[in-house]
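Down below is the structure, laid out as structure tokens.
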């Protein structure tokens, strides 16, 4: 079902799955592609944050280890 706003009126157009216009199909595919891209980018950011945190943890562990053995 598609909803269009025309001067504060709602215009509904209903299409069955087999007979949807190509414009609507393309719009839906674009939205799906954008959603997938957003999720992919978010996952990359999370992975990058985890890598940075692991590096910081490893560095802190080495510093603690050196200070414990040097006493």
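Give me the one-decimal nm value for the distance between modelled label points at residue 31 and residue 55, 7 Å along each residue's Cα-to-Cβ direction.
Between residue 31 and residue 55, the label points sit 4.0 nm apart.
Quick one: length gained pulling residue 40 to residue 15 fully straight, 0.36 nm per residue minus the C-alpha distance?
5.9 nm
None of the figures in this text is laboratory data; all of them are computed from the coordinates on show. Just so it is clear, the structure is predicted and the values come from calculations on it, not from any experiment. Cβ sites come from the backbone with ideal geometry, for glycine too, and all protein chains shown count toward neighbours.
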